[in-house]
Structures are given as C-alpha cells and as structure tokens.
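Please read the structure below before turning to the comments.
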Amino acid sequence: AFMALFPAWEFDDELASAARNDGVAGVNEWFATKETTLGYRFKPAWFDLGVVAGNLSREDRHDEAKTVMTNLKRHYPQNPYVASFAASVHERAGEHQQAADEFDRAIATIDRLAPMKPDGELYLQKAQLLAEKSDWSGTVEAARQAIEKGGLKKPGGAYLLIGIASNELRDWQQAMDA
C-alpha cells in the first residue's frame, strides 16, 4: 500500500534508460515527468539514483551523471550522502574544484546534523570524506568523535581510518595504537 502512495519501484532502471537513450534531456524529462505526475508523492530514492549517477559517470556519461545529481540535490539539499555522490561524479569528470566544493558541503551538513544523532555514524562519514580530501588531521579527529559518540555499526572502520591517517601524518605510535 505504501508503494502505491509513494512509488519508487524501478525508478533507477527508468532513469538510467532515459539517460542512456536521450542524454541530459532524457534525465531532465524523466525528473519533470515524475514531479508532474506524482507531485508531492515523488520522493526519489537518493541512494539508488546516486548509484545510477555513479554508473553513468563510469560509462563516461559525465553530463548525464551531473544532471542526475543536480536534480537529486533539489530534493535532498541537506543530505550529506547526496553531496558525497555528487562529489564522486565531479571527481570522475575531472572537475576537482567542484568535487572539493561538494565534499565541503557534505562536511558542513554533517557538522550541523551529527550532534543531533544518537550515534557516531555521521562523524564516521565525515572522517571518510576528510580522508578523500587527504585532510589527515581532520580524519583522525572525526574518527575519534565517531568512536566517542558510539553506536557505530562497524567501529573497526573508525580505527582503520585513524591508523591510515596517522600513517600519513607519520605518527607511527598513533598508527600502531589504532
């Protein structure tokens, strides 16, 4: 019953086909059609469509991938995961400044949201984003925040990031302790 009210089934396949068949215009038309026909019920699955954008960029369909992310960011302007997908798409397109801007946007969003969450998962996401930017001190700090806040599904990931970042900082003792 829920899917009848808020359909999302096979949106990823539909969008990928629209992009491959009609390029950027196909992506924009797909979003416009869904928004018009479904109205407020159109809530695209950000993860599934982010994966579509990633797949398109791996196929060297960078314009289509960026258009997917532009449309997706309209629906999820404060979602750090959407910003992270967008950063990856820009990075694959060789647009390093735009990728850095998206990473910064994701990090700023996490800084606002993480204190409100009961677990440290967003701090762990921040540590991963900072590692992508080679901000090793920031990576260690964010990973420690994640561990301190607790509730991590995979706490080993935080310790691994501390070890990697500490190695990059040439802090051998901290790397071994992690």
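The values are calculated or read from the model by the stated rules, or taken from the named source; none is laboratory data. Computed from a predicted model, the values in this text were never measured in an experiment. Don't worry about glycine lacking a Cβ; one is built from the backbone with ideal geometry, like all the others, and counts go over all protein chains shown. Note: areas computed on protein heavy atoms with side chains; ligands, DNA, RNA excluded. Shrake-Rupley method; radii C 1.70, N 1.55, O 1.52, S 1.80 Å.
Key figures for this structure:
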quantity: Rounded accessible area of Met69 (nearest 10 Å², 1.4 Å probe); calculated: 10
quantity: On Cα atoms only, tilt of 136-149 relative to the major axis of the chain in degrees; calculated: 90
quantity: Accessible surface of the chain, 1.4 Å probe, proportion on carbon and sulfur as whole %; calculated: 53
quantity: Accessible area of Ser84 in the full protein assembly, 1.4 Å probe (Å², nearest 10); calculated: 20
quantity: Accessible surface of Leu130 - all protein chains present, 1.4 Å probe, nearest 10 Å²; calculated: 20
quantity: Kirkwood hydrodynamic radius of the chain, from inverse mean 1/r over distinct Cα pairs, in Å; calculated: 17.5
quantity: Principal-axis tilt of helix 96-113 within the chain, Cα atoms, nearest 10 degrees; calculated: 80
quantity: Count of lysine pairs in the chain with Cα separation under 23 Å (8 or more residues apart, or interchain); calculated: 19
quantity: Note, ³J(HN,Hα) from phi for the range 21-26, Karplus 6.51, -1.76, 1.60, rounded to Hz, x at Gly and Pro; calculated: 7, 10, x, 4, 4, x
quantity: log₁₀ of I(q)/I(0) at q = 0.13, 0.21, 0.29 Å⁻¹ - the range 103-158, Debye sum with one point per alpha carbon; calculated: -0.25, -0.66, -1.18
quantity: Total formal charge among the other residues, if their Cβ is under 15 angstrom from that of Ile147, Lys/Arg +1 and Asp/Glu -1; calculated: +1
